[in-house]
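Below: one structure, written as C-alpha cells.
The values are calculated or read from the model by the stated rules, or taken from the named source; none is laboratory data. The structure presented is a predicted model; accordingly, all values stated were derived computationally and were not measured. Glycine gets a Cβ as well: all are built from the backbone with ideal geometry, and neighbour counts include every protein chain shown. Only protein heavy atoms, including side chains, enter the accessible area calculation; ligands, DNA and RNA are left aside. Shrake-Rupley method; radii C 1.70, N 1.55, O 1.52, S 1.80 Å.
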Amino acid sequence: MTRLGGIGDDQPNGPGDDLLAVARELAPAVDGLTNLWSVAAQGASLRLSPHQLRALRILQAEPGLNLTALAEGMEIGPPTASRLCDRLEAAGLLERLLHPHRRREVRLVLTGRGQQVLSEVAERRARALAVTLAGMDPAAREALSRGMRAFLTAQNDTAEQTDGPRP
C-alpha cells in the first residue's frame, strides 16, 4: 500500500505497489505500441476501426461463431454486434450463413476478402514494429521478446483463471 502524505511521501509498503510502479513505467511504451499498431492498420487498403478489426480477428480465431458469441467475446451488446456485422458484411468482409443443424442460428464467417484484409493489416503492423525494433540494441530486443512472451503467458493464465481461454 502507498502512503498518501505530502509531496514525495509515496513510498511503497507492499509488493503490489512495486507492480503498480512497473505498470506506470510501462504505460508510455504500451501507448506508443498501441499508436504504432493503430496507425499501421489505418494505412491498409481498407480502413477499419479497431472495433471492426477486433471482430474480424475473433472470427478468424473462431470461425462460425454466432452473433451472441461474438457480442460476448467483444463484451458488447447483441444489437451493437449486429450493426457491426451489418457494416462488415456490406464491406464484403464477412458473411452470415445458416447453421447446418440449427435452422434459427446464423454463423458468422470471414470471406476471402476479410482474410486478405486481416493479412494486410498484420503485415503492415509487423513492418512498422520492425522499423522501431531496428533502433534497439540486439540484447534489448531479445529481452523485450522474452518479456512479451512471459506477459502473454501470464495474461492467458489470468484469463483462464477468471473467465476461460481468450481467443
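Points to keep in mind about this one:
- Test for Ala40: is it under 15 Å from the mean Cα position of the chain (by Cα), in a helix (DSSP H, G or I) and surrounded by 14 or more Cβ atoms within 10 Å (Cβ to Cβ): yes
- Within region 128-145, not a single residue is within 27 Å of Val30 (Cα to Cα), open to solvent by 90 Å² or more (accessible area, probe 1.4 Å) and touching a residue at least 40 places away in the same chain (Cβ under 8 Å).
- Candidates are the residues of region 97-118 that are open to solvent by 70 Å² or more (accessible area, probe 1.4 Å) and polar (S, T, N, Q); the one that is nearest to Ala40 (Cα to Cα) is Gln116.
- Of all residue pairs spaced 6 or more apart or on separate chains, those with beta-carbon atoms under 8 Å, a first member in region 33-61 that is more than 15 Å from Leu110 (Cβ to Cβ) and a second member that is of a type in the set (Ser, Thr, Tyr) are Leu36/Thr132; Pro50/Ser38.
- Residues of region 69-80 satisfying the condition of being in a loop (DSSP other than H, G, I, E, B) and either open to solvent by 40 Å² or more (accessible area, probe 1.4 Å) or touching a Ser or Thr at 6+ places or on another chain (Cβ under 8 Å) (or both): Glu75
- Hits in region 43-68 - residues which are among the small types (Gly, Ala, Ser) and crowded, with 16+ Cβ neighbours inside 10 Å: Ala44, Ala55
- Exactly one residue out of Arg83, Arg87, Arg125 is assigned to a helix (DSSP H, G or I) and open to solvent by less than 50 Å² (accessible area, probe 1.4 Å): that is Arg125.
- The criterion of being open to solvent by 80 Å² or more (accessible area, probe 1.4 Å), at pLDDT 90 or above, more than 26 Å from Leu133 (Cβ to Cβ) and out of contact with any Ser or Thr (no Cβ under 6 Å at 6 or more places or on another chain) does not hold for Asp31.
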